[in-house]
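Pasting a structure here, questions to come.
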Amino acid sequence: MHAQTRQKKKNLLPMFVITALAAAAAGLCIVLWHARAEMQTELETCQQQLDEAILEAQQVRQELTDLQQEYDKLLKAQDSTEPSGEIAYQTLYPELMLEPLKGYTQENKVYLTFDDGPSERTVEILDVLAQRNIKATFFVVGSNLKSERGQEILRRIAEEGHTIGIHTDSHQYRSIYASVEAYLEDFEKVFRKVYEITGVKPEIFRFPGGSVNGYNGAIYQELIAEMMRRGFSYYDWNVSSADATGNIAASTIEKNCISGVRSYRRSIVLMHDSGAKNSTVQALPGVLDTLIAEGYEFAPLNRETMPVTFAYPS
Ligand SMILES: [Zn+2]
């Protein structure tokens, strides 16, 4: 009986151990499950926070892009107004732009100028000048350069050392003085023709009708400013031969020129070399020979010659 009881007790021990171990294992399982659940929650929270941070970063990036665009727009707007309010015609014909002028020179000379050529009269004038070794200035008209003959005479002007200045392409007052743009358009045409025919880029010009005339009242100040900004010098005159007057006698032209030159220390003399001006050619030898005898010196204009210009009307 005792032995039996002892035997039963012996069998109970492993059972107890197993049960205890099982209980411990179950407890550990519960602890681990809890820990895992907690970590899972924490991980999910972290994930959520990360998602929110990414979203926020994207929003900040978008704001930065918007700001950058706004800034670029402002810069662009500033650029277009910055060059002291650039005017549209200032960007036209960029080839019509000379090196800045260093300054003017002023000499007591006689500057003979002939407008409206070339023509057959130009050839005769060139002969008279060549005989006396005098250089002059020719303000030419583009519409006279269409013919081979006109181009040939233009080349002769350049080859013989005279100055070629721009007068106009069309000589139509109403159209060329309609606006600064219209003037530039006309100017560019004759400028290009002269350059193509002679290889010389004109640097001086004379406004048809003079710088202040009955057609350019609305624009002359703006126009003169624009042409000077581009570096071109323009020349009016202080002595007029008055050869534009119809049927003027050669003797009157001669008298006008000589008395006019005698009145000034330096003279810019207006004459014409258009087809009908025979009396100008007839007057020229007398004008030159008298003034040469009186000691006057002649020179062609260049862009550094101090201009004679009309005063702005008050
Ligand atoms: Zn003219």
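Just so you know, all these numbers are worked out from the coordinates, no wet-lab data involved. Computed from a prediction, not measured in an experiment: that's the story for all the values here. Heads up, the Cβs are rebuilt from the backbone with ideal geometry, glycines too, and the neighbour counts pull from every protein chain shown.
Considering each of G246, G260, G217, G209 in turn, give the residue that is farther than 25 Å from P100 by Cβ and crowded, with 17+ Cβ neighbours inside 10 Å.
From the options G246, G260, G217, G209, the qualifying one is G260.
Sticking with this one: Out of everything in region 146-176 that is within 16 Å of the ligand (Cβ to nearest atom) and charged (D, E, K, R), what residue ends up being nearest to D116 (Cα to Cα)?
Ranking the qualifying residues of region 146-176, first place goes to D169.
Sticking with this structure for a sec: Would you confirm whether any residue within region 68-80 is more than 16 Å from the ligand (Cβ to nearest atom), in contact (Cβ under 8 Å) with a residue 60 or more places away in the chain and either closer than 16 Å to A299 by Cα or hydroxyl-bearing (S, T, Y) (or both)?
No: region 68-80 contains no residue that is more than 16 Å from the ligand (Cβ to nearest atom), in contact (Cβ under 8 Å) with a residue 60 or more places away in the chain and either closer than 16 Å to A299 by Cα or hydroxyl-bearing (S, T, Y) (or both).
Related question: Within the group R132, R174, which residue is more than 20 Å from L92 (Cβ to Cβ), surrounded by fewer than 16 Cβ atoms within 10 Å (Cβ to Cβ) and in contact with a Leu (Cβ under 6 Å, 6 or more places away or on another chain)?
R132
Counting only residues that are over 13 Å from D115 (Cβ atoms) and not in a loop (DSSP other than H, G, I, E, B), how many does region 195-233 have?
Count: 15.
While we're on this one: Collect the residues in region 84-113 that are on the phi > 0 side of the Ramachandran plot and either surrounded by fewer than 10 Cβ atoms within 10 Å (Cβ to Cβ) or in contact with a strand residue (DSSP E or B) (Cβ under 8 Å, 6 or more places away or on another chain) (or both), keeping them in residue-number order.
S84, G85, G103 - these are the residues of region 84-113 that are on the phi > 0 side of the Ramachandran plot and either surrounded by fewer than 10 Cβ atoms within 10 Å (Cβ to Cβ) or in contact with a strand residue (DSSP E or B) (Cβ under 8 Å, 6 or more places away or on another chain) (or both).
Quick one: in region 177-220, which of the residues that are within 16 Å of the ligand (Cβ to nearest atom) and among the aliphatic types (A, V, I, L, M) is farthest from Y234 (Cα to Cα)?
V194
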